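Report on the structure given below.
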Amino acid sequence: MPNRFRRRMTMLAAATAAIMAFGLAACGGADTSGAGATSEKIEVVASINQWGSVAEALGGDKVDVKSIMTSTNVEAHDYEPTTSDVAAFTKAQIAVVNGADYDPWASKATEGTKADVVNAAETDGIKEGDNPHVWFSHDVREKTADAITAAYEKAMPDQKDYFEQRHKDWEAQEQKVEDKIKAAESKTKGVPYAASESVAWYLADDLGMTDATTSGYKNASANESEPSPADVKQFSDALKAGKMKVFVLNTQEANDTTDHLEAAASEGDAPVVKLTEQMPKEYTNLTDWMSALVDDFTGAVK
C-alpha cells in the first residue's frame, strides 16, 4: 500500500508553491475578475468531479462549474494543483470541497478568497481523521446538496424559485438511489465484506453490510502506512477461507498487494466489486454512479 502521508506532505508543498506563484502573478497584473465581479452565471469550482456534477445538477443554466479533478488515473490524496487550479478557486463565487483532509490542497486554495465555501464532510460533522470518502454516503450527498442550493440562493436571490425546483429534481433522483438501497438491504444486510481500502465504507454501511476486513490490515490502511507481511497474510488467509462474501477493490490504488488479495478472494469464491475514488467518465452525475454501484454490490452478494 502506498504511503499517503509522505505523498500528502509533498502535495501540500506543491499546493503552497502554486498559491504563492499565483499570488506573485496577480501582484504583477490588473486582474479584476474576482469573486465579486458581475456575471450572468455563478462561477463555481469543485475540487473533484463527483461534487462538481452535483453543483451542475443543482445550478442548471445559472451556473458555470469547473471541476479540478476529473480523471480516475490519480486520486485527490496525490493531486498537485497548478497555478491555474489555484486561480480557479480565487475567481470562484462558490467553491465546493470534499473536506476531511481528502483534498487539503483545495481547502488551502480557498483561504483568503471571497468564495462561499461548501465543505461536504462538514455538512455531516465528518472531520479530519474520519473516513473522507463522503460522497458514498446518502446523508452527506443530501446535506451537501442542501448547502450548495443555499449558497446559490444567497448568490442569486432573485432565482430562488429556480434553484428550489432544481433541488427538488435532484432530490427525486437521489431518492431513487435510496429506494434501491432499501430494496437491496433484504439481500445485503449483515453480509460480511472486505476491502483493499475503506473507500466505499459509507455505501456498504448504507446497505447494512458488515466490514470484516482483518484488523491489522485495516488499521494500517486507515493510518496510511504499509501493512506488514503478517497483516497481508492474515487478510489473504481469511479471504481464501471464504470468511468474506465480497471483496471491494479500489482500482486507483492497485499494486502487488491488492493483486495478491484479489487472487485470494477468487480462491475463496468471494466476488470482487471494482470501483474508483473519482467518478468515472461514463457517468455525468453522482446519483447515476451510486445507483450503478448499488447494483454492483447487490449483484455480488450470492
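The numbers here are math on the coordinates, done by the rules we state, and not lab data. Owing to the predicted nature of the structure, the values given are computational and were not obtained by experimental measurement. Using ideal geometry, Cβ is built from the backbone for each residue, glycine included, and neighbour counts are taken over all protein chains shown.
Distance check, please: which entries in Lys108/Lys154; Lys187/Lys274; Lys189/Lys281 exceed 25 angstrom between their Cα atoms?
Details: Lys108/Lys154 23 Å; Lys187/Lys274 19 Å; Lys189/Lys281 30 Å.
Too far apart for the 25 Å limit: Lys189/Lys281.
Extending each Cα 7 Å along its Cβ direction at Asp130 and Thr251, get the distance between those two points in nm, one decimal.
Placing both labels 7 Å along Cα→Cβ, they lie 3.0 nm apart.
For Lys187 and Lys233, FRET efficiency with R0 = 30 Å and r from the beta-carbon atoms, rounded to 0.05? Don't skip to the answer; put the middle values down first.
Working: r = 31 Å, r/R0 = 1.04.
In this case the efficiency is close to 0.45.
Simple spin-label model, 7 Å along Cα-to-Cβ: Lys168 to Ala241 in nm?
5.5
How would you order 143-149, 79-85 from highest to lowest mean count of nearby Cβ atoms within 10 Å? Numbers along the way, then the final one.
Working: 143-149: 22.6, 79-85: 18.6.
Ranking the peptides 143-149, 79-85 by packing returns 143-149, 79-85.
Taking the Cβ-Cβ separation of Lys114 and Asp61 as r and a Förster radius of 25 Å, what is the calculated FRET efficiency to the nearest 0.05? Write out the running numbers ahead of the final one.
On the way: r = 23 Å, r/R0 = 0.94.
With R0 = 25 Å, the Cβ-Cβ based efficiency is 0.60.
Based on the Cβ-Cβ distance from Val272 to Gln175, what FRET efficiency comes out when R0 is 30 Å, to the nearest 0.05?
Values: r = 29 Å, r/R0 = 0.98.
Rounded to the nearest 0.05, the efficiency is 0.55.
Between (i) 57, 50, 35; (ii) 65, 41, 31; (iii) 97, 43, 38, which entry matches Cα extents along the principal axes in Å as derived from the coordinates of this structure?
Only one option fits the structure, namely (ii).
Order 49-60, 270-281 from most to least packed using the mean count of other Cβ atoms within 10 Å.
On the way: 49-60: 23.5, 270-281: 18.2.
Going by the mean number of other Cβ atoms within 10 Å, highest first, we get 49-60, 270-281.
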